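Notes to accompany the following structure.
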Amino acid sequence: MTSRHEQWTRLRRQLWQPPRAHGEQPIERVVGPLELFYDLVVVVLVAQAAHHLAGDLDWHGLGLFAAVFALVWIAWFNGTLHHELHGHEDARGRSMFLLQILVLVPLGAFIPEAGGARGVAFAVTAGVLFAVLAVLWLLAARGDSPEFRRPSRLFVTGTAACAVVLAASAALPADVRVLTWGLLAVAYLAGFAVVIGTATPVQAVALSVTDALTERFGLFIIIVLGETVTGVVDGLAHEPTNALTLAVGLVAVVIGFGAWWTYFDFAGHRRPRPPRASTV
């Protein structure tokens, strides 16, 4: 009985490991299929926002796209960073990704009408998504050492505040609601930049960018830029074929290719500057 209990305990630990502490993430690892699947789900949401922008190409549509895209990107980066710093390739890690995907799918369905009839549903669902992310970070922060408690507390508080503001924005008029989303995204990114910029040398080392995280960003960029080709092909398929439409489509492909070229030559494979050496 004791041996069986030990085997069960060992199996449970392998399947449901506690989150990794800060600084314990492996420097050398490859991006797994679970992360790629999660990225693909998020790209579907980006495509939904882009397709809606194509049919509502004015300042209002551009502002709505920017607000929705910013929230989706922040959520993706949030989940990606959590797995990078604290996740394992076990049942717990898979369940956490599945939980996020189960919220992302209806969120994507609400995107085409996020500025109108389904704005309330989008706001509430986005609030649920950020609440899930806040809980994940809170669970990971329970094992923090003293030097990481303050930034972890700020990150959890900021993510939870986003969840509350998003859910509360459901009660606002449509235009004010979209403006609130945009301001919230700017405030969140600014707060994140402050936390990273004021990190101590020890914290900066623990938050260092790994090859896997660089690869995730690169793959995400590639998939999103692939939407350019999808849009061109779809547009050419529904328009009369002539020299003008063909030229416009090919120019769009060249622009997309140029964006890929620029990113991966000047940013995609450049590592951030090394953190300051610790004097501790």
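The values are calculated or read from the model by the stated rules, or taken from the named source; none is laboratory data. Not measured: the values here are computed from a predicted model. Backbone-built Cβ (ideal geometry, glycine too); neighbour counts: all protein chains shown. SASA here: full protein model, heavy atoms, side chains in, ligands and nucleic acids out. Shrake-Rupley method; radii C 1.70, N 1.55, O 1.52, S 1.80 Å.
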**Study point:** Unmet requirement for L53, which otherwise passes all of (1) touching a residue at least 40 places away in the same chain (Cβ under 8 Å); (2) more than 18 Å from L136 (Cβ to Cβ)
**Key:** (1)
Review point. Residues in segment 179-201 that are closer than 16 Å to F65 by Cα and touching a Ser or Thr at 6+ places or on another chain (Cβ under 9 Å): how many?
Key: 3
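For segment 115-131, which residues satisfy the criterion of being surrounded by fewer than 21 Cβ atoms within 10 Å (Cβ to Cβ) and assigned to a helix (DSSP H, G or I)? Please lay out each step first, then the result.
The first filter runs over segment 115-131 and keeps only residues surrounded by fewer than 21 Cβ atoms within 10 Å (Cβ to Cβ), leaving 116-118, 120-121, 124, 127-128, 131.
Scanning segment 115-131 gives V120, A121, V124, G127, V128, A131.
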Review point. What are the residues in segment 142-173 that are modelled with pLDDT under 90 and over 18 Å from F77 (Cβ atoms), if any?
Key: R142, G143, D144, S145, P146, E147, F148, R149, R150, R153
**Study point:** Residue list for segment 39-80, filter: under 21 Å from Q100 (Cβ atoms) and among the aromatic types (F, W, Y)
**Key:** F69, W73, W76, F77
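Got a sec? Which of V205, V209, V194 is open to solvent by 30 Å² or more (accessible area, probe 1.4 Å), modelled with pLDDT under 95 and under 16 Å from the mean Cα position of the chain (by Cα)? Quick ask: steps written out before the conclusion?
Numbers: V205 fails: under 16 Å from the mean Cα position of the chain (by Cα); V194 fails: under 16 Å from the mean Cα position of the chain (by Cα).
Going through V205, V209, V194 in turn, just one is open to solvent by 30 Å² or more (accessible area, probe 1.4 Å), modelled with pLDDT under 95 and under 16 Å from the mean Cα position of the chain (by Cα): V209.
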Check your understanding: Just one of the numbered conditions (1) modelled with pLDDT under 85; (2) over 17 Å from the mean Cα position of the chain (by Cα) is not true of W260; which one?
Key -> (1)
**Study point:** Output for segment 228-241, where each listed residue is within 29 Å of D265 (Cα to Cα), open to solvent by less than 80 Å² (accessible area, probe 1.4 Å) and either modelled with pLDDT under 80 or of a type in the set (A, V, I, L, M, F, W, C) (or both)
**Key:** V229, V232
**Study point:** Residue identified as open to solvent by less than 20 Å² (accessible area, probe 1.4 Å), more than 20 Å from V132 (Cβ to Cβ) and part of a helix (DSSP H, G or I) among A47, A75
**Key:** A47
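Here are L107, L62, L102, L57: which of them is under 29 Å from H238 (Cα atoms), part of a helix (DSSP H, G or I) and open to solvent by 10 Å² or more (accessible area, probe 1.4 Å)?
On the way: L107 fails: open to solvent by 10 Å² or more (accessible area, probe 1.4 Å); L102 fails: under 29 Å from H238 (Cα atoms); L57 fails: part of a helix (DSSP H, G or I).
Only one candidate qualifies: L62.
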Review point. What number of residues within segment 221-247 satisfy the criterion of being touching a residue at least 12 places away in the same chain (Cβ under 8 Å) and touching an Asp or Glu at 6+ places or on another chain (Cβ under 7 Å)?
Key: 1
Check your understanding: Out of segment 137-151, which residues are open to solvent by less than 40 Å² (accessible area, probe 1.4 Å) and either without any contact (Cβ under 8 Å) to a residue 40 or more places away in the chain or of a type in the set (F, W, Y) (or both)?
Key -> W137, A141, F148
Study note, to complete from the structure: Apart from one, (1) part of a helix (DSSP H, G or I); (2) without any contact (Cβ under 8 Å) to a residue 40 or more places away in the chain all hold for T214; the odd one out is (2)
